[in-house]
1. Only residues in the stretch 282-310 that are closer than 17 Å to Pro232 by Cβ and at pLDDT 95 or above count as the first member; pair them with residues that are among the aromatic types (Phe, Trp, Tyr) and open to solvent by less than 100 Å² (accessible area, probe 1.4 Å), Cβ under 9 angstrom, at least 6 apart or cross-chain, and list the lot.
2. Filter the stretch 365-413 down to the residues that are surrounded by 19 or more Cβ atoms within 10 Å (Cβ to Cβ) and among the charged types (D, E, K, R), then identify the one that is farthest from Arg221 (Cα to Cα).
3. Just give me the residues in the stretch 322-351 being touching a residue at least 60 places away in the same chain (Cβ under 8 Å) and within 15 Å of Phe411 (Cβ to Cβ), in sequence order.
4. If you go through the stretch 377-408, how many residues are in contact with a Lys or Arg (Cβ under 7 Å, 6 or more places away or on another chain) and within 21 Å of Ala326 (Cα to Cα)?
5. Might you let me know whether the stretch 278-292 holds any residue that is part of a helix (DSSP H, G or I) and open to solvent by 40 Å² or more (accessible area, probe 1.4 Å)?
6. Could you list, in sequence order, the residues of the stretch 88-124 that are in contact (Cβ under 8 Å) with a residue 12 or more places away in the chain, over 15 Å from the mean Cα position of the chain (by Cα) and closer than 30 Å to Ser336 by Cα?
7. So which residues in the stretch 135-158 are closer than 9 Å to Leu285 by Cβ and in a strand (DSSP E or B)?
8. Tell me the residue from Arg260, Arg318 that is basic (Lys, Arg) and exposed (fewer than 13 other Cβ atoms within 10 Å of the Cβ), please.
Amino acid sequence: MVKEVIAATSIRWAGSFLAFALSFSSAAEVPSDHAVDAAIAWISRSEPGKNPPAGSVDTSAGFTDNVDRSDPNFVKASLLWIGPGNEFFGCAGHSSIRLECPKFNLDYCFSCESESIRDNPFRFLMGDLKTGMFAIPTAVFLKTYEQLGRSVTQYPLTLPPDVKQRLWKILDEAVAAGRCLPYDYIKYCCVQTMIQPLLRAIPPYTLKPAPWPDVYKLTRREVLSDDLEWCPWTRLFLHTIAGTEVDREVSPMETVILSRDFVNLLKGAMIGGRHVIEGDGEVLLSFQKPTGTTVVTPVMVAFALVVFSAANLILVRRFMDWLFLAIQSVLGLLLSHLVFLSHLPATDWNWLIVPFNLLPLVFWKWRQKWALWFAGVLVLWEIGMIAYPHRLTDPAYLVLVGAYIVFYLKFTRFGKNVLNRVHYGMATCKGFLQVQTGDNP
């Protein structure tokens with residue numbers, strides 16, 4: 001989220017608790033800690049759904065005992081689905097839970113927000129960024145996405161009254177903890193940070209999900225890859241940094257990492273005999289999804305490098321050698337850092353480090369001795385990536401590795417034989433044309 005939103009959340013550590021106090025304090029005065037403590041006591045009682053005994057709440061803070069907490073409308077809960085945007089890390093959309101208490105004039109969106117990746121790229125690559133829960137006034141929250149040109153759809157959650165109150169309490173505790181979680185776009189993504197508090201708030205009730213569709217048989221890499229097909233450069237970047245953690249089999253609930261799938265999950269799930277989400281939702285902000293018309297795609301660039309590598313077999317240009325070595329070394333440096341040095345989650349191992357590493361740069365002087373073996377390893381890598389039942393990388397990398405297979409053949413006996421045959425054929429054609437035109441030397 002942009003800095004303006006974070007600035008707008010500079011309320012007390014429990015923004016919604018503070019709002020309870022504000023609703024009973026003078027509008028021109030800052031509420032006292034006494035009023036805040038009374039608000040915490042009010043929402044944190046041990047028996048949700050029941051009014052406390054007379055006099056158990058300190059009414060000097062402005063609270064009264066005549067509030068029916070079992071009223072379904074005492075707390076209103078909604079899931080907000082924010083549509084994709086043009087920002088690099090906004091292409092997959094966003095999720096937030098909106099909680100309202102009309103009685104006390106409260107209206108907040110609870111949203112998981114991380115430190116800015118754009119402002120801290122090196123800390124991001126080191127895995128040092130933090131994320132956490134924020135309580136953002138709904139008016140500010142919607143205004144921000146309106147400025148970004150992103151749609152927002154609201155889906156009311158038909159939860160029992162005590163579940164909604166427990167959910168509010170759990171989310172407030174997360175706000176109080178601050179931005180303390182490591183940035184993890186898989187484990188602590190916006191959807192998972194909404195699912196886990198919801199699952200904690202539901203007992204003693206039981207959430208009965210509908211039969212899981214086939215989409216949940218995919219890996220998390222495949223789920224993200226399919227969703228990001230319209231923005232290929234973002235998809236390529238995620239394939240680059242994502243290690244084998246996103247390829248492992250996990251529970252269907254852990255596979256829900258997209259806002260769209262979260263909505264579909266709750267539409268099919270039931271609690272207390274009712275679907276958690278009923279209906280198609282209400283559009284709060286209407287914007288058209290970005291078209292994602294990318295002029296130059298990663299696959300196009302990879303195919304261009306295939307052409308260059310094939311031409312390099314014939315033309316033998318030294319700058320082409322340095323170009324391919326530079327691309328491989330830069331990718332190798334990034335991947336080596338992510339796998340061996342970075343604390344960024346989901347980078348424990350990455351199959352891309354097999355074709356893209358620093359060894360070719362280190363042993364470049366002796367390339368004619370190992371080029372054929374390395375080309376063979378790349379061929380086996382290609383076969384493994386294609387034969388594996390799940391997708392393990394981006395299609396652009398499959399094409400790019402093909403370009404490097406051709407590139408390294410240049411330094412083998414096979415490549416030299418091809419080069420000699422091409423030169424012989426070109427000389428033969430040149431002699432034939434000279435004979436036909438009578439232009440003999």
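The values are calculated or read from the model by the stated rules, or taken from the named source; none is laboratory data. Computed from a predicted model, the values in this text were never measured in an experiment. So basically every Cβ, Gly included, is an ideal-geometry build from the backbone, and we count neighbours across all protein chains shown. These accessible areas exclude ligands, DNA and RNA; they are computed on the full protein's heavy atoms, side chains included. Shrake-Rupley method; radii C 1.70, N 1.55, O 1.52, S 1.80 Å.
1. From the stretch 282-310, the pairs are Pro298/Tyr397; Ala302/Tyr397; Leu305/Phe324; Leu305/Tyr404; Leu305/Phe407.
2. Only one residue fits best here, namely Lys410.
3. Scanning the stretch 322-351 gives Phe324, Gln328.
4. 1
5. no
6. Once the filter is applied, which keeps residues that are in contact (Cβ under 8 Å) with a residue 12 or more places away in the chain, over 15 Å from the mean Cα position of the chain (by Cα) and closer than 30 Å to Ser336 by Cα, the stretch 88-124 yields nothing.
7. Val152, Thr153, listed by residue number.
8. Arg318
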